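Read through the structure below, which is laid out as structure tokens, and then see the notes.
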Amino acid sequence: MHKADILIIGAGAVGTALAREFSKFKVKVIVCDKNDDVGGDASKSCSGLTSTSATMPVGTLECKIRTISHTMVDVLCRDLDIPIIHCGSIAPVLTDDQMEQVPKLIDRAWQNGVWDYEFMPREEILEMEPTLNPEIKGGIYSPRDSQINQFLMVVAEAENAAENGVEFLLDCAVTGIDTKDGRIQRVITTKGEIEAKWVINAAGLYCDDIAKMVDECDFSVHPRKGEFFVLGHDTPVKVKHIISSVPTPKTRGVLVIPTTDDNLLVGPTADDVEDKNDKKTTREGLEEVRTKALEMVPGLRFEDTITQFVGARPARVPEGYNILVSEKAKGYVGISGIRSTGLTASMALAKYVIHEMKAAGLELERKVGWIRTRRGIVKFSDKSDAEKDALIASDPRYGKIVCRCEQITEAEIVQAIHRPVGARTLDAVKRRVRAGMGRCQSGFCGPQVIGIIARELGISEYEVRKRGVAAYMLDH
Ligand SMILES: Cc1cc2nc3c(=O)[nH]c(=O)nc-3n(C[C@H](O)[C@H](O)[C@H](O)COP(=O)(O)OP(=O)(O)OC[C@H]3O[C@@H](n4cnc5c(N)ncnc54)[C@H](O)[C@@H]3O)c2cc1C
């Protein structure tokens, strides 16, 4: 049986931010996740924006936490070597109806403390972003919106937490929670039982299932599905800013996003569905994205699409962030409603949750020697010829390009496997070093990556998975 002071269920943005925050203290922390890797469900399939609270409903807990968290992002990126681009965003105003919304939007942003959210005239906006539809009537510029590498953000927080003593149990689904005399006793998982004094439910889309295990579920969660296109590096029409539709109460709308890896991400939709496993893109959804994106950036070349995907926002009914430190099941902490803003909000959310737990009696003593920083894997393709020569001299595996599309070397893949909370599947390697993220989507490098994973982990190639419990790459 595993034992912990604190068990965190879920290794997405929220769970790993909590893990890192707790790793500052003298407590034994375990994070378990049903997936084979850290990265979460929503967290790895979102737009990757760290945005101000300009468009948030005023006065909500979500708005407060997100506003504070947004100020923490840059330090996190600096300390953990997480790629981020400070590109700002523009919402082009295309219709008279949208123009009528502008004063209300600016007023709301003002109330949320986002005083640099400004309307700008057509000429200036077109000068800043010449790819926009020349018919625009102007645009709202938000200079502090950024795009972060969402995969590396979660991986970096997990690696840093692990270096500071947090244990990660992956492929480990929680199936039940035992309580006795109104207190949490132990958690039952597919990898055995875990005894914990505190259990934090950071299970995203599935947080209602976990909440039901302790009879603390007075809400429901359904997926709000978002469909995306990813366009390759070589697409000729690129944007310098995040281009966003004029927001509605439900969503920020379709976006055209320059990414830290120089792709274009176009999407998402926002459709409420029932099935939590619905990860299928649809003709209608993608057509909606295409139409709305082309209205804003008419030159986009969807022929350069290299892949499409779906992310599911964990939408809560009733809506809104909810943090419950249970009275009924002492030791249980429920986090729910972390829907469209959780990547940005995760750092402050972690602090908020710990603050609430302390108020309920949790005692924490700070460690001496907490490791604040982490360095990422050196990216061979970014280096000058002289630097590449030096890298090859230090490790000949830098001399072998495995992923031709993204120019990823064997040395990078091997490091991805052997880091703390290392990659064990093809998708986990892909998220860490981009092998398989390019135009051929691992058609060429897939077999080689399978061989490297098998060799490095000392397993048969037949045991190497793409992702998930039974998605083996080779036929048994
Ligand atoms: C399309 C889309 C666009 C978005 N855009 C943005 C954006 O631009 N900026 C932003 O800040 N936010 C954005 N978000 C929201 C953001 O992605 C989420 O709020 C955030 O990722 C939630 O993180 P999480 O850790 O709570 O959930 P998740 O990332 O879903 O992690 C939950 C984890 O819990 C695990 N789990 C579930 N059940 C169990 C169980 N029984 N046992 C063990 N583990 C379990 C899951 O496997 C998963 O790994 C977007 C979301 C989507 C879907």
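Descriptive notes on the structure:
- Which listed residue, of Asp275, Asp218, Asp262, Asp234, is under 18 Å from the mean Cα position of the chain (by Cα), more than 12 Å from the ligand (Cβ to nearest atom), surrounded by fewer than 16 Cβ atoms within 10 Å (Cβ to Cβ) and farther than 17 Å from Ser340 by Cα: Asp262
- In the range 188-202, the qualifying residues are those that are out of contact with any Cys (no Cβ under 8 Å at 6 or more places or on another chain) and not small (Gly, Ala, Ser), and the one that is nearest to Ala350 (Cα to Cα) is Ile200.
- Test: residue in the range 78-92 that is of a type in the set (Val, Ile, Thr) and either in contact with a Lys or Arg (Cβ under 7 Å, 6 or more places away or on another chain) or assigned to a helix (DSSP H, G or I) (or both): no
- With respect to (1) part of a strand (DSSP E or B); (2) open to solvent by 20 Å² or more (accessible area, probe 1.4 Å), the lone exception for Val31 is condition (2).
- The listed residue being open to solvent by 20 Å² or more (accessible area, probe 1.4 Å) and in a loop (DSSP other than H, G, I, E, B), out of Arg467, Arg397: Arg467
- Boolean, Gly369 is under 27 Å from Lys44 (Cβ atoms) and either assigned to a loop (DSSP other than H, G, I, E, B) or open to solvent by 50 Å² or more (accessible area, probe 1.4 Å) (or both): no
Yes or no, residue by residue, for (1) away from the ligand (no atom under 15 Å from the Cβ); (2) outside the structural domain of Val246 (by TED's automatic domain parsing); (3) without any contact (Cβ under 8 Å) to a residue 12 or more places away in the chain; (4) within 30 Å of Thr425 (Cα to Cα):
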position: Asp37; (1), (2), (3), (4): no, yes, no, yes
position: Thr50; (1), (2), (3), (4): no, yes, no, yes
position: Thr67; (1), (2), (3), (4): no, yes, no, no
position: Gln111; (1), (2), (3), (4): yes, no, no, no
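- Filtering the range 287-316 to residues that are within 16 Å of the ligand (Cβ to nearest atom) and either in a strand (DSSP E or B) or more than 25 Å from the chain's Cα centre (by Cα) (or both) leaves Thr307, Gln308, Phe309, Val310, Gly311, Ala312, Arg313, Pro314, Ala315, Arg316.
- With respect to being open to solvent by 30 Å² or more (accessible area, probe 1.4 Å) and of a type in the set (Gly, Ala, Ser), Gly59 fits the description.
- Options Ser460, Ser442: the member that is hydroxyl-bearing (Ser, Thr, Tyr) and either within 30 Å of Leu18 (Cα to Cα) or surrounded by 14 or more Cβ atoms within 10 Å (Cβ to Cβ) (or both): Ser442
- Complete set of residues in the range 240-259 that are in a loop (DSSP other than H, G, I, E, B) and either within 13 Å of the ligand (Cβ to nearest atom) or open to solvent by less than 10 Å² (accessible area, probe 1.4 Å) (or both): Pro247, Lys250, Thr251, Arg252, Gly253, Val254, Thr259
- Scanning the range 170-205 for residues that are near the ligand (Cβ under 9 Å from one of its atoms), in contact with a Lys or Arg (Cβ under 7 Å, 6 or more places away or on another chain) and open to solvent by 10 Å² or more (accessible area, probe 1.4 Å) yields Ala173, Leu205.
- Some residue of the range 329-339 being within 22 Å of the chain's Cα centre (by Cα) and open to solvent by 60 Å² or more (accessible area, probe 1.4 Å): no
- Screening the candidates Gly376, Gly337, Gly331 for the property of being within 13 Å of the ligand (Cβ to nearest atom) and touching a residue at least 40 places away in the same chain (Cβ under 8 Å) yields one hit, Gly337.
- Some residue of the range 404-413 being more than 20 Å from Glu167 (Cβ to Cβ), of a type outside the set (Ser, Thr, Tyr) and open to solvent by 60 Å² or more (accessible area, probe 1.4 Å): yes
The values are calculated or read from the model by the stated rules, or taken from the named source; none is laboratory data. On a predicted model such as this, the values are computed, not experimentally measured, just so you know. Here the Cβ is made from the backbone with ideal geometry for all residues, glycine too, and neighbour counts use every protein chain on show. The protein model used for the area step is the full one, side chains on, heavy atoms only, and it has no ligands, DNA or RNA in it. Shrake-Rupley method; radii C 1.70, N 1.55, O 1.52, S 1.80 Å.
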